[in-house]
Amino acid sequence: MTDFLPLAYPWIKALHVMAVLSWMAGLFYLPRLFVYHAERGHLGQEPVQSFRIMEDKLLRLIMNPAMIVTWIAGLALVLTPGIVDWTMIWPWTKAAGVLGMTWFHMWLAGQRKALLLGQGLSGRRYRMMNEVPTLLMVLIVLSVIVKF
């Protein structure tokens, strides 16, 4: 398999980038949907039902598959000989950022369930949490590009 990875490297890297873009789009958008859901949820009208459907489909059909492909392609890149120098700091900071991003994804999934039960956070709190993926993205991109 290690003979295959160097040959497939550009394709795996392209797949990884596409999956990351899809995952990040969901990580940016789902908390925004939660803001609207939290602020209009007490109305019990049609917009709330629409938010529930959008939240569910975004998480199940886009974010979950994108996260899985991101992880699989990312691990394939890590296993490609000569790509990662583990004596440097950047792979560790990137790994920490990816673990943080995964935690945030799982937190969002839990918040979707809480909102369904009427136990979600305030719109203001969701607005604040919406900054988490941006901070993690900055850490990951700087780690990979600058390789500090």
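Please treat every number below as a calculation from the coordinates, not as lab data. Everything numeric in this text was worked out from a predicted model, so none of it was measured. When we count neighbours, we look across all protein chains shown, and the Cβ atoms used for this are built from the backbone with ideal geometry, even at glycine.
I need to check one value: relative contact order of the chain, counting alpha carbon pairs closer than 8 Å and at least 6 residues apart, in percent. Spell out each step's value before the answer.
On the way: 141 pairs, mean separation 54.3, N = 148.
Relative contact order for the chain comes out at 37 percent.
Using only helices, what value at 222 nm comes out for the chain when you add -39,500 (n - 2.57) per DSSP H run of length 4 or more and divide by the total residues, to the nearest 500 deg cm²/dmol?
The helix contribution divided over the chain gives -26500 deg cm²/dmol.
Nearest 10 degrees, 0 to 90: what angle lies between the long axis of helix 4-40 and the longest principal axis of the chain (Cα atoms)?
For 4-40 against the chain, the angle is about 20 degrees.
Which residue, ILE72, ILE83, ILE12, has the most motion in a Gaussian network model of the chain that connects Cα atoms within less than 10 Å?
Fluctuation is largest for ILE83.
Just the C-alpha atoms of segment 4-146: what Rg/Rh do they give, with Rh taken as the Kirkwood radius?
My calculation of the ratio gives 1.06.
How large is the dipole of the chain about the Cα centre if only Lys and Arg carry +1 and Asp and Glu carry -1, each at its Cβ, rounded to the nearest 20 debye?
In debye, rounded to 20, the chain gives about 360.
Out of PRO10, LEU77, VAL20, whose Cα points farthest toward the positive end of the dipole of the chain (charges: +1 Lys, Arg; -1 Asp, Glu; placed on Cβ)?
Comparing the listed Cα positions along the dipole, VAL20 ranks first.
Which angle from 0 to 90°, rounded to the nearest 10, does the C-alpha axis of helix 90-116 make with the longest principal axis of the chain?
It is inclined by approximately 20 degrees.
Counting only pairs 8 or more residues apart or on different chains, how many lysine pairs in the chain have their Cα atoms under 18 Å apart? Walk me through the numbers on the way to the answer.
Details: LYS13/LYS94; LYS13/LYS147; LYS57/LYS113; LYS94/LYS147.
Pairs that pass both the separation and distance tests number 4.
Expressed as an acute angle from 0 to 90° and rounded to the nearest 10, what is the orientation of the C-alpha long axis of helix 132-146 relative to the principal long axis of the chain?
Long axis of 132-146 versus the principal axis of the chain: about 10 degrees.
What dipole magnitude, in Debye to the nearest 20, does segment 70-148 give about its Cα centre under +1 on Lys/Arg Cβ and -1 on Asp/Glu Cβ? Before the final figure, lay out the partial values.
Values: 7 positive and 2 negative charges, 76 e Å.
So the magnitude is around 360 debye.
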